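Derivation of every value follows stated rules applied to the coordinates shown; laboratory data play no part. This one's a predicted model, so the numbers in the text were calculated from it and none came from an experiment. All Cβ positions, glycine included, derive from the backbone under ideal geometry; neighbour counts span all protein chains shown.
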Amino acid sequence: MRSKVIIVLFFMFLVFGCNTKKDKKDIEVLVFNLKDQTEKEKINFLKLKLDESHQNLLNPSISKDSIGKVYKSWSELHNNLYKFLVKNNFNWGVKKKNIKLFNKIYFNKDGGIKVYAFRIYDSVSEINTQKYKKLIKEFAKEVKVSIKKSDDFAQCGKISLPNF
């Protein structure tokens with residue numbers, strides 16, 4: 001009986017445990033609204049210590065000779081985000097020409113987004129903030145920045161997205 005259990009467990013391990021190929025849909029991107037105190041506390045609860053483990057490449061003393069490439073990647077990322085929001089018919093629900101945000105985006109070595117933390121400065125409703133958060137999760141699964149590093153990295157700063 002014991003040998004049958006071992007064989008069944010071994011078979012299950014082979015079937016379920018060896019599937020190492022990850023589909024884009026399987027990538028779990030953490031998204032946090034920094035304006036929401038509960039979500040800020042969740043970051044601390046998870047003990048992610050992202051600022052300690054991810055250098056901010058927008059700091060010229062860190063990027064030195066490649067700061068132009070970093071600025072270009074930041075610009076491309078937000079242009080792609082804008083196009084993604086338009087494609088998904090996202091509406092901020094406010095009558096402003098531009099929406100101001102603060103982003104802290106943490107990337108893996110290959111430029112894929114791991115964590116996206118944001119704060120919307122304008123008076124966007126909670127419903128639209130949640131829609132934005134959901135779209136960011138989808139967007140983050142599809143996009144990479146053009147930078148690759150030997151360690152995980154971050155880019156953070158203020159942005160202004162056109163309101164369409």
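What number of residues in region 73-85 are touching a Ser or Thr at 6+ places or on another chain (Cβ under 7 Å) and under 19 Å from Pro162 (Cβ atoms)? Count: 1. Just to verify a result, which residue in region 86-98, among those that are in contact (Cβ under 8 Å) with a residue 24 or more places away in the chain and not in a loop (DSSP other than H, G, I, E, B), is farthest from the chain's Cα centre (by Cα)? Ranking the candidates gives Asn98 first.
Within region 71-85, does at least one residue satisfy the condition of being under 16 Å from Lys149 (Cα atoms), in contact with a helix residue (DSSP H, G or I) (Cβ under 6 Å, 6 or more places away or on another chain) and either without any contact (Cβ under 8 Å) to a residue 40 or more places away in the chain or hydroxyl-bearing (Ser, Thr, Tyr) (or both)? So far as region 71-85 goes, no, none of its residues is under 16 Å from Lys149 (Cα atoms), in contact with a helix residue (DSSP H, G or I) (Cβ under 6 Å, 6 or more places away or on another chain) and either without any contact (Cβ under 8 Å) to a residue 40 or more places away in the chain or hydroxyl-bearing (Ser, Thr, Tyr) (or both). The condition of being in a strand (DSSP E or B) and touching a Lys or Arg at 6+ places or on another chain (Cβ under 9 Å) holds for only one of Ala140, Ala154, that being Ala154. Hey, can you tell me all the residues within region 118-134 that are under 22 Å from Gln155 (Cα atoms) and more than 15 Å from the chain's Cα centre (by Cα)? Scanning region 118-134 gives Ile120, Tyr121, Asp122, Thr129. Looking at Lys148, Lys134, just one residue is out of contact with any Pro (no Cβ under 7 Å at 6 or more places or on another chain) and under 17 Å from Leu30 (Cα atoms), and that residue is Lys134. Answer yes if at least one residue in region 42-53 is of a type in the set (Ser, Thr, Tyr), farther than 16 Å from Ser160 by Cβ and more than 12 Å from the chain's Cα centre (by Cα), and no otherwise. Yes - at least one qualifying residue is present in region 42-53. Checked against the criteria, Leu101 counts as within 15 Å of Val31 (Cβ to Cβ) and either touching a residue at least 12 places away in the same chain (Cβ under 8 Å) or surrounded by fewer than 17 Cβ atoms within 10 Å (Cβ to Cβ) (or both). Of all residues in region 104-121, those satisfying the criterion of being surrounded by 13 or more Cβ atoms within 10 Å (Cβ to Cβ) and assigned to a loop (DSSP other than H, G, I, E, B) are Asn108, Gly111. Taken over region 122-137, residues that are in a loop (DSSP other than H, G, I, E, B) and among the acidic types (Asp, Glu) amount to 1. Filtered by the rule that a residue be hydrophobic (A, V, I, L, M, F, W, C) and surrounded by fewer than 16 Cβ atoms within 10 Å (Cβ to Cβ), region 127-160 gives Ile127, Val143.
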